[in-house]
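Chemist: I am attaching a structure below and will ask some questions about it afterwards.
The values are calculated or read from the model by the stated rules, or taken from the named source; none is laboratory data. All of these numbers come straight from a predicted model, not from anything done at the bench. The area values use the complete protein model at the heavy-atom level, side chains included, leaving out ligands, DNA and RNA. Shrake-Rupley method; radii C 1.70, N 1.55, O 1.52, S 1.80 Å.
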Amino acid sequence: LRSRLRQLALGMVTFDADGEVSYAPDCESPKYNELLSILGDLEDEPVLVLTHSKKFARVVADRLNADGHTAVAWTGDTPMKAREQIEADFADGTVRVIVGVIAAMGTGVSSLARVTSTCVWLSRSADSTDNQQAAGRLDRLDSLGRVVNIEIHADGTIDSGILDKSILHALELNKSLKAKEATHVEP
């Protein structure tokens, strides 16, 4: 149920005969509509877009291309050679938008911070470590500047629960670190 609610927060889903969930190329998605608005406001600025869903990442990249934005999906299925080409195309402006799956963008991607400082989150991973790693793609020592994270949050959906869970995890981690500091005594 939780998985379905997360999928529905991105856009309207369809089901095949086996009950497999997918997104139609033209599925209704307020998050996609808001992303288009944001891209329009940013004019030609390169942007990293993140989501937890591989299927939705592919639909978003295809729709962005159809709507006149050069975009590419970066998923766990993207081969290493293709990833290198995507990074090069992003750097030279051939690709304006990378729509990345959070789990696939978490590590080993360092060049993006020299191209953009804008990240749009369509959804977060249920794993806060994956979210932190993905956020770190732009927040690096050699970055262009202060990173701007734009969260497209669907009110009244499970998005609230994912964000709250991430915040609770961060607070618990912080609490445990403070407890360790308090018990540490200098000799």
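Chemist: Using Cα-Cα distances under 8 Å and only pairs 6 or more residues apart, what relative contact order does the range 12-159 have, in percent?
Modeler: Details: 254 pairs, mean separation 35.2, N = 148.
Relative contact order of the range 12-159: 24 percent.
Chemist: Let me ask something else about it. Is the range 39-126 best put as rounded, prolate or oblate by its Cα gyration tensor, with a ≥ b ≥ c the root eigenvalues, rounded for a/c under 1.5, and otherwise prolate when a/b is larger than b/c, oblate when not?
Modeler: Numbers: a/c = 1.34, a/b = 1.11, b/c = 1.21.
Rounded, because the longest to shortest axis ratio a/c is under 1.5.
Chemist: Here's another thing I want to ask about it. Measuring from the lowest to the highest alpha carbon on each principal axis, how far does the range 50-97 reach, largest first, in angstroms?
Modeler: Ordered largest first, the range 50-97 gives principal extents of 25, 24, 14 Å.
Chemist: Would you rank Met105, Met80 by solvent-accessible area, highest first, keeping every protein chain in place and using a 1.4 Å probe?
Modeler: Sorted by accessible area, descending: Met80, Met105.
Chemist: With the Cα gyration tensor of the range 14-66 giving a ≥ b ≥ c as the square roots of its eigenvalues, does the rule (a/c under 1.5 for rounded; else a/b larger than b/c for prolate; else oblate) give rounded, prolate or oblate? Don't skip to the end; give the middle numbers.
Modeler: Values: a/c = 2.81, a/b = 2.30, b/c = 1.22.
Here the range 14-66 falls in the prolate category.
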